[in-house]
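These notes concern the structure reproduced below.
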Amino acid sequence: MTFNPLTIVAVTTIVFSLSACTKSTHWSKPGVSNAQMLQELSQCRHWAEKEIEKEYGLEQATTRHQPSSSDADYRAQMSRFSALKRRDRLTESCMQQSGYQKVKAQ
């Protein structure tokens, strides 16, 4: 399957535009200062990034010997997008397991 570069740009633009429409949120946990929350968020994000590196490394090893195709750039972009979304979900899960709740900004 071949994808036109203009199509890739259009799809990427639409996805990011739609994500900008979402309401802003922040993490909250009773009795925890903003500084402590930011520190725990940083720790969760670091852990999530390490997990993604492991998963991505495994994916790279299993696809290394596949012949290249004309849509390799598209697949690489989509793989990166998926990895970033997975990182966000892992970070969110870590924060929730630490007792935080996501609340909408007012």
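Read-outs: derived from the displayed coordinates by stated rules, not from any lab. Because the structure is predicted, anything quoted here is derived from the model rather than measured. Here Cβ is always computed from backbone atoms with ideal geometry, including for glycine, and neighbour counts include all displayed protein chains.
For an R0 of 22 angstrom, estimate the FRET efficiency from the Cβ-Cβ distance between Gln101 and Ser24 and round to the nearest 0.05.
Working: r = 15 Å, r/R0 = 0.68.
The formula returns an efficiency of 0.90 here.
Go through the range 33-41 residue by residue and turn each phi into a ³J(HN,Hα) via Karplus (6.51, -1.76, 1.60, θ = phi - 60°); whole Hz please, and just put x for glycine and proline.
So the J values, rounded to whole Hz, are 6, 4, 4, 5, 4, 5, 5, 5, 4.
Ranked from highest to lowest mean number of other Cβ atoms within 10 Å per residue, what is the order of the peptides 42-48, 76-82?
Descending mean neighbour count gives 42-48, 76-82.
Whole-Hz Karplus ³J(HN,Hα) for the range 77-83, in order, using 6.51 cos²θ - 1.76 cosθ + 1.60 and θ = phi - 60°, x for Gly and Pro?
The phi angles translate into 5, 5, 5, 5, 4, 4, 5 Hz.
Could you calculate the contour length gain from Gln77 to Arg89, that is, 0.36 nm times the residue separation minus the distance between their Cα atoms, to one decimal place in nm?
Full extension from Gln77 to Arg89 adds 2.5 nm.
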